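Chemist: Quick one: this structure, given as structure tokens, is what I'll be asking you about.
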Amino acid sequence: MARAPLRRLADAALVVAGAALASWLLDRAGVPSAALFGGLLAGLVRGLAGRTPLAVPRTGTAAAQAVVGVSIGALVDLDTLAALGEDWLPVLLVTVATLLLTVAAGSLLRLQPGITPVTGAFAMIAGGASGITAMARDLGADDRMVAVLQYLRVLLVVVLMPVVATAVYGAEPGSGSAAPAAGGAGWAADLLFTAGCALAGSALARLVRLPVPALLGPMLAAAVLDLGGLSGGAAVPGLVETAAFLLIGLQVGVSFTRDSLRTIGGALPLALAIVLGLIAACAGLGEVLSAATGVSRLDAYLATTPGGLYAVLATATGTGADATFVLAVQVLRLFVMLLGAPLLARYLARRPG
């Protein structure tokens, strides 16, 4: 009898080791969100090949969600928001238009049998792929479908963005300035900041009955501390963030079955067409933003690109674009999408049919 827990522990350790190796290889290959992808791949292999089910403990999932929330919340600061200046209204309108576009794209995805309205919408929400994937299951969406299609969009954005920026908007690689400086508080302060925001944010979110409290509570706590100047430049330690993404990927991966894989594979052609249409539509919103605010077409395009935040910032700083403005618009959209997702899920779940 004692061998069963040991065998299960060895099984879990092997899957985690496989996820770590896959993450490292994907990171070396330059794949975005390599830890999440690595966890997803290792979990997928285990989910399809294993004879007995394996699941990530709920406490581990909640901890991973909290770390992702703190990581997102730490992106906010007064200097970033101040970059919007008098352009905040057109930026907000374009952000809302992006949300509506993603809802429309999710409705089109429902043409594929087996995809619910909530799953379709979450799979197409443009911004915060890791956060959306982390909260998908809690809000009634199929997190397997959401993860695959969210990162299909991110991958396409990352691949197409440098080409479009250069060929369409005349960007010149290597002409940019240094990226905006990021504060460093030291690993001890970073760890304390992460743990404090995770614990206090989750507790307060449950107290006020905020949806997906493990993610949204820490996100808001980190944002409030940053905006109040109380964070001291602290952020989530890189190793902790990597572990959180890996756990989320594993959670999604181990829940795959052969039937779910067939459903997702069947949806990919339609999803690919919809994602490309969404990328083009967001570029169109960039043209509207440029006309309304007077920022360059390149700045507006990068600001409205639907996903791949860190790749967007790398392109902005490497091509001479206004990286601070781009970051401000992207972060605003990130918050609107993540805070609006629970309301959207509730609305879609109540709609007839």
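Chemist: What order do you get for E172, E86 when you list them from fewest to most C-beta neighbours inside 10 Å?
Modeler: Numbers: E172 11, E86 7.
Least to most surrounded, the residues fall as E86, E172.
Chemist: Given labels modelled 7 Å from the Cα in the Cβ direction, how far is it in nm from L93 to R262?
Modeler: 4.9 nm
Chemist: Ok, one more. May I ask you to evaluate 6.51 cos²θ - 1.76 cosθ + 1.60, the Karplus curve with θ = phi - 60°, for each residue of the range 92-108 and list the ³J(HN,Hα) values in order in whole Hz, giving x for glycine and proline?
Modeler: Working through the residues one at a time gives 5, 5, 5, 5, 5, 4, 5, 4, 5, 4, 5, 5, 5, 5, x, 5, 5 Hz.
Chemist: If each residue's Cβ is checked for other Cβ atoms within 10 Å, how do Y151, Y169 rank with the fewest at the top? Please list the in-between numbers first.
Modeler: Numbers: Y151 23, Y169 19.
With the sparsest Cβ surroundings first, the list reads Y169, Y151.
Chemist: Determine, from the Cβ-Cβ distance of A167 and L6 and an R0 of 41 Å, the FRET efficiency 1/(1 + (r/R0)^6), rounded to the nearest 0.05. Walk me through the intermediate numbers first.
Modeler: Values: r = 57 Å, r/R0 = 1.39.
For A167 and L6, the calculated efficiency is 0.10.
Chemist: Ranking request for peptides 233-245, 295-307, 323-335, 102-114: highest mean number of other beta-carbon atoms within 10 Å first, then the rest in descending order.
Modeler: On the way: 233-245: 20.4, 295-307: 25.7, 323-335: 23.8, 102-114: 17.8.
Ranking, from highest mean packing down: 295-307, 323-335, 233-245, 102-114.
Chemist: Could you work out the relative contact order of the chain? I mean the mean sequence separation of Cα pairs under 8 Å and 6+ apart, divided by the number of residues, in percent.
Modeler: Values: 562 pairs, mean separation 108.8, N = 353.
Averaging sequence separation for qualifying contacts and normalising by length gives 31 percent for the chain.
Chemist: Taking the Cα centre of the chain as origin and charging only Cβ (+1 Lys, Arg; -1 Asp, Glu), how large is the dipole, in debye to the nearest 20?
Modeler: 1720 debye
Chemist: How tilted is helix 238-254 with respect to the longest principal axis of the chain? Cα atoms for both, answer in degrees (0 to 90, nearest 10).
Modeler: The answer is roughly 60 degrees.
Chemist: Let me ask you something else. Report ³J(HN,Hα) in whole Hz for each residue of the range 137-152, in order, from the Karplus equation J = 6.51 cos²θ - 1.76 cosθ + 1.60 where θ = phi - 60°; Gly and Pro get x.
Modeler: Ordered by residue, 3J(HN,Hα) equals 5, 4, 9, x, 9, 7, 5, 5, 4, 4, 4, 4, 6, 4, 7, 5 Hz.
Chemist: Using R₀ = 22 Å, calculate the FRET efficiency as 1/(1 + (r/R₀)^6) where r is the Cβ-Cβ separation of Y347 and A291; round to 0.05.
Modeler: Plugging the Cβ-Cβ distance into 1/(1 + (r/R0)^6) gives 0.10.
Chemist: A further question follows. What percent does the relative contact order of the range 190-323 come to when contacts are Cα pairs within less than 8 Å and at least six residues apart? It would help to have the intermediate numbers written out before the result.
Modeler: Values: 91 pairs, mean separation 18.7, N = 134.
Reported relative contact order: 14 percent.
Chemist: Right, here's the next one. Mark the label point 7 Å from the Cα of L192 along Cα→Cβ and return the residues of the range 210-238 whose backbone N is within less than 19 Å of it.
Modeler: 221-238
Chemist: Hey, another quick one. Can you work out the Karplus-derived ³J(HN,Hα) for every residue in the range 271-282? Use 6.51 cos²θ - 1.76 cosθ + 1.60 with θ = phi - 60°, whole Hz, and x for glycine or proline.
Modeler: 3J(HN,Hα) across the range 271-282, in whole Hz: 4, 4, 5, 5, 4, 4, x, 5, 4, 5, 5, 5.
Chemist: Now for a separate question. Among A74, A123, A165, determine the one that fluctuates most according to a GNM of the chain built with springs between C-alpha atoms less than 10 Å apart.
Modeler: Residue with maximal mean-square fluctuation among A74, A123, A165: A165.
Chemist: Taking the Cα-to-Cβ direction at A13 and at A82 and moving 7 Å from each Cα, how far apart do the two end points lie in nm?
Modeler: Distance between label points: 5.2 nm.
Any read-out appearing in this document is the output of simple, stated calculations on the displayed coordinates, not a laboratory observation. Note that the coordinates shown come from a computational prediction; the quantities given were computed from them, not determined experimentally. Every residue, glycine as well, gets a Cβ built from its backbone with ideal geometry; the counts of neighbours run over all protein chains shown.
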